[in-house]
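To keep things clear, I will list the structure first and then write my remarks on it.
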Amino acid sequence: MDGQGGAGAADPQLQHFIEIESQKQRFQQLVHQMTEVCWEKCMDKPGPKLDSRSEACFVNCVERFIDTSQFILNRLEQTQRGRGSSSESMSD
């Protein structure tokens, strides 16, 4: 029984480190996904130089990807806050 209690009370520094590393991993996954999506969408034929049409496409693609990701994160936060406040009010 005591073993479980110790696992629940993990070191706060370790928890913080794990959270930061998880955020880094999620960011890297987003960058990889964004690169893949925008490359497929905007790159017709790779060459020694990026033409202005492709460059504009990449800029727009990245901006839309970031906007969409931010929108989704905000919605998830709102959903979780809504759940948290409803469960808090039920326990009061």
- prompt: Which FRET efficiency value, to the nearest 0.05, do you get for residue 16 and residue 79 by plugging their Cβ-Cβ distance into 1/(1 + (r/R0)^6) with R0 = 25 Å?
  reply: 0.55
- request: Excluding residue 13 itself, calculate the net charge of residues whose Cβ lies under 14 Å from the Cβ of residue 13, where each Lys or Arg counts +1 and each Asp or Glu counts -1.
  value: -3
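Values in this text are rule-based calculations from the coordinates and carry no lab data. The shown structure was predicted, so the numbers you read here are calculated from the model rather than taken from an experiment. Glycine also receives a Cβ, built like all others from the backbone with ideal geometry; neighbour counts cover every protein chain displayed.
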